[in-house]
Amino acid sequence: MNANGSIDHFRRQWQTHIAAAEYDMTYPAERPRNQWQLLERFKADLMRDLLISEGYGPGSTVLECGCGAAGIGIDLGLQGWRVTGLDISEDGLEMASQNAASHGLGEELELLVGHVEAPPVPDGSFDVVTSFGLLEHFEDMGPAMDGMVRTLRPGGLFVAEVVSFRPSALVAGRLFDMAASASYNLARLRVRKALHSWRKLVPDFYEKPLGRNGSRRVLEQAGLTDVRVWGIRPFPPLGLPASLEQKYMTLIDRASSFVKWFDSADNVITNSWGWSLMAVGRKPSLSDQDRPSP
Ligand SMILES: C[S@@+](CC[C@H](N)C(=O)[O-])C[C@H]1O[C@@H](n2cnc3c(N)ncnc32)[C@H](O)[C@@H]1O
């Protein structure tokens, strides 16, 4: 575990997926095979709507930092956005490349190895910069934010998804996994394993708790304006056997109108229960920067 992107953890995770040829586990598929694909589909819908409503529709350039398998980037690429994926892990990019090829996206998706604190692209070269599940793995998010904001053109849009450990769907999901693991092992008289179930509460990678105010501060300190932070994803991913996972997916699918409402609402319920937070801000345009401070 390290406090600078949990790099080793994710490298091992990608190697495990590559060995099992599971390239598109988190691709937001129309006909999802697992709960991750289903949950990511809602995020992909939200992203497309958000980019269009902010004036960055298809044709805009997007840099997805810490892209891993790049599910959202590939979805955007297939709909006409010009996407570049950046990750420090070559295995993560191998996942992205295989994932893109299997969905019919080839060289349109550019993939770069690099550190988010110093992305190997010219300053101000992207309309939109995104990161999903990256910032919370840094103890000091400042250098990562500076690196990402540097690549944004003036007036460009920054969008991050951060998980935040607080009473929420995230904690409920982890409590559920802990209880399920303890009951499963107790029923098989595996007392030692049952006692270790508490580990389901604590991830085996570095994760820094950030609330709404903390996320807002991180974006503002990086010089972004018009910052908005709201809770998304009412349903947590759960550790379920395949038969129950299908039932859970049916339940989520039936509640899809609710999920779409939840993901775009900004109120006390969604902000406290959301599994993760969406944090959005804009890099000041040149005319904003020229404006004298009051
Ligand atoms: C939790 S995964 C998220 C992957 C993907 N964005 C998603 O939502 O499925 C975090 C990703 O960030 C990458 N990463 C970690 N530290 C990084 C860094 N310093 N620079 C670039 N990428 C990094 C990891 O290799 C991993 O692919």
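The values are calculated or read from the model by the stated rules, or taken from the named source; none is laboratory data. All of these numbers come straight from a predicted model, not from anything done at the bench. Counting neighbours? That spans all protein chains shown, and the Cβs are built from the backbone with ideal geometry, glycine included. Each accessible area value is taken on the protein alone, full model and side chains, heavy atoms only, with ligands, DNA and RNA left out. Shrake-Rupley method; radii C 1.70, N 1.55, O 1.52, S 1.80 Å.
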Flag if Arg254 is open to solvent by 40 Å² or more (accessible area, probe 1.4 Å) and under 27 Å from Gln37 (Cβ atoms): yes
Some residue of the stretch 55-78 being within 13 Å of the ligand (Cβ to nearest atom), at pLDDT below 95 and open to solvent by 10 Å² or more (accessible area, probe 1.4 Å): no
Condition broken by Arg48, with the remaining ones in (1) of a type in the set (D, E, K, R); (2) within 15 Å of the ligand (Cβ to nearest atom); (3) not in a loop (DSSP other than H, G, I, E, B) satisfied: (2)
Restricting the stretch 197-235 to residues that are among the hydrophobic types (A, V, I, L, M, F, W, C) and part of a helix (DSSP H, G or I), the residue that is farthest from Ile269 (Cα to Cα): Trp198
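Which residues, counting only those in the stretch 1-17, are away from the ligand (no atom under 12 Å from the Cβ) and assigned to a helix (DSSP H, G or I)? Spell out how you get there, then give the answer.
From the stretch 1-17, those away from the ligand (no atom under 12 Å from the Cβ) are 1, 16; that's our starting set.
Correct list: Thr16 only.
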Restricting the stretch 86-120 to residues that are of a type in the set (A, V, I, L, M), within 15 Å of the ligand (Cβ to nearest atom) and open to solvent by 20 Å² or more (accessible area, probe 1.4 Å), the residue that is farthest from Ala29 (Cα to Cα): Ala118
Tally, over the stretch 265-280, of residues that are in contact (Cβ under 8 Å) with a residue 60 or more places away in the chain and more than 16 Å from the chain's Cα centre (by Cα): 2
Test: residue in the stretch 133-148 that is over 15 Å from the mean Cα position of the chain (by Cα), open to solvent by less than 40 Å² (accessible area, probe 1.4 Å), on the phi < 0 side of the Ramachandran plot and away from the ligand (no atom under 15 Å from the Cβ): no
Those residues of the stretch 18-40 which are open to solvent by 30 Å² or more (accessible area, probe 1.4 Å), assigned to a helix (DSSP H, G or I) and within 13 Å of the ligand (Cβ to nearest atom), in sequence order: Ile18, Trp36
Residue match in the stretch 188-196 (condition: within 30 Å of Leu286 (Cα to Cα), open to solvent by 10 Å² or more (accessible area, probe 1.4 Å), of a type outside the set (D, E, K, R) and not in a helix (DSSP H, G or I)): no
